1. If you check every pair at least six apart or on different chains, which have Cβ atoms under 8 Å apart with a residue in region 341-370 that is under 20 Å from His15 (Cα atoms) first and a residue that is of a type in the set (S, T, N, Q) second?
2. Among the numbered criteria (1) under 24 Å from the mean Cα position of the chain (by Cα); (2) surrounded by 15 or more Cβ atoms within 10 Å (Cβ to Cβ); (3) within 28 Å of Gln229 (Cβ to Cβ), which single criterion is violated by Pro170?
3. Confirm whether Leu368 is farther than 30 Å from Phe216 by Cα, part of a helix (DSSP H, G or I), under 20 Å from the mean Cα position of the chain (by Cα) and not small (Gly, Ala, Ser).
4. Consider only pairs whose beta carbons are under 6 Å apart and that are at least six residues apart or on different chains; among these, list those whose first residue lies in region 26-48 and is more than 18 Å from Leu90 (Cβ to Cβ) and whose second residue is buried (at least 20 other Cβ atoms within 10 Å of the Cβ) and small (Gly, Ala, Ser).
5. Under the condition of being in contact (Cβ under 8 Å) with a residue 40 or more places away in the chain and of a type in the set (D, E, K, R), which residue from region 166-182 is nearest to Phe141 (Cα to Cα)?
6. Test each condition in (1) under 18 Å from Leu80 (Cα atoms); (2) more than 18 Å from the chain's Cα centre (by Cα) for Gly36 and report the one that comes out false.
7. Does any residue of region 180-188 turn out to be modelled with pLDDT of 95 or more, assigned by TED's automatic domain parsing to the domain that holds Lys105 and either touching an Asp or Glu at 6+ places or on another chain (Cβ under 9 Å) or charged (D, E, K, R) (or both)?
8. Has region 201-215 got at least one residue that is of a type in the set (Ser, Thr, Tyr), in the same structural domain as Leu238 (by TED's automatic domain parsing) and buried (at least 22 other Cβ atoms within 10 Å of the Cβ)?
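The values are calculated or read from the model by the stated rules, or taken from the named source; none is laboratory data. Source: prediction; values computed, not measured. Note that we place each Cβ from the backbone using ideal geometry, even for glycine, and neighbour counts take in every protein chain shown.
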Amino acid sequence: MKYFIIAGEASGDLHASHLMRELKKEDSGADFCFFGGELMASEGGTLLKHYREMAFMGVFPVLFNLGKIKHNFQIAEQKLIEFNPDVLILVDYPGFNLRMAKYAKLKGIKVYYYISPKIWAWKTKRVHKVKKFVDEMFTIFPFETEFYSKYNYPVRFVGNPTIDELSVRPNQKETFNEFVLRNNLSGKPIIAVLAGSRRQEITRILPVLAEVSLRFPEYLFVIGGAPSQTQSLYTEVLGTIGIPVVFGQTYELLQQSKAALVASGTATLETAYIGIPQVVCYRIEAGRFGNLVKELIVKIPWFSLVNLIANREIVKELFQQYCTPDTVGSELDRILTDSAYRESMLKGYDEVLSALGGPGCAARAAKLIVELLTKK
């Protein structure tokens with residue numbers, strides 16, 4: 001069968017490549033045409049547009065690139081008709097993909113969505129477009145089933161791709177001494193610092209976490225460098241505070257840490273899987289006004305995936321004006337010194353991971369996709 005796939009970001013390229021690999025196992029005649037990246041290209045098929053030419057985030061980047069965005073739509077629409085696939089598979093990236101879903105539906109092409117856009121958090125009205133233009137939705141969080149059921153839209157929960165990636169992560173048996181020697185670090189116990197992946201996140205959050213590091217001289221704080229950033233950014237933000245940065249070793253860093261300071265996002269789930277107590281920290285622009293923005297736009301009670309999945313507070317979330325050196329430092333100290341509190345958090349992690357199920361997300365999705373397409 002023929003599969004047209006659209007992934008507009010690096011994470012989408014990764015998850016879509018795993019799905020393609022599993023689709024080939026289920027369908028020996030699988031033929032792919034796609035928007036994505038190198039990982040998808042490594043699975044075969046025709047790469048039409050790289051996600052680097054599509055990833056415009058924020059109001060001004062979108063406005064400045066309206067011509068490119070329109071051109072990308074035109075290419076996608078033209079190639080979709082030329083390729084005439086059995087199904088269009090969309091991976092997250094809602095602004096672009098929901099428009100493509102509408103176009104495909106009008107042309108009589110089946111539309112499947114793998115990894116729901118986060119419309120349960122913001123822009124909830126998009127759920128009506130999903131209902132109208134998406135034939136099947138394959139979700140990766142259990143709470144998404146309840147969200148969509150409120151709108152009488154059944155979805156198929158297939159597990160979480162992060163669990164797949166973590167289960168086969170490298171250096172799982174590496175010792176603490178091996179890690180510190182390989183990275184030329186001191187022998188102090190480590191606190192991992194995961195300050196986000198985007199420049200704006202890092203510049204807002206890292207100064208707070210760097211000041212916290214000065215209050216724990218008996219520990220070595222180590223930053224997990226974002227793959228999209230360079231050492232120069234961290235040097236610029238840290239100033240005179242010396243915190244080492246390791247790139248491409250986030251999982252290894254977490255594994256050797258006593259605790260972690262984590263910006264909200266997938267990193268909170270990764271930290272839970274590896275079993276490291278964490279403080280979740282997040283700041284946006286606009287000071288206290290940011291809280292009003294959160295209340296008006298964000299439709300969920302928690303902003304860390306760990307708490308969202310459990311639907312209760314397992315990890316402390318420190319947002320906006322509550323994310324200060326004092327509050328973060330106090331919570332970190334509690335994690336490090338209160339063994340009962342620490343154990344309670346780790347038990348909560350078990351609850352979260354149980355809800356997500358084991359590895360095999362892409363395989364389950366691929367099997368369902370092929371079954372649904374071949375069903376008479």
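1. Short answer, once both residue conditions are applied: Leu356/Asn160; Gly357/Asn160; Gly358/Ser167; Pro359/Ser167; Cys361/Asn160.
2. So Pro170 meets the others, but not (2).
3. When the stated conditions are applied, Leu368 does not pass them.
4. Listed by first residue and then by second, the contacts come to Glu26/Ala366.
5. The qualifying residue nearest to Phe141 (Cα to Cα) is Arg169.
6. Of everything listed in (1) under 18 Å from Leu80 (Cα atoms); (2) more than 18 Å from the chain's Cα centre (by Cα), Gly36 misses just condition (2).
7. no
8. Checked against the condition, which is being of a type in the set (Ser, Thr, Tyr), in the same structural domain as Leu238 (by TED's automatic domain parsing) and buried (at least 22 other Cβ atoms within 10 Å of the Cβ), region 201-215 yields at least one hit.
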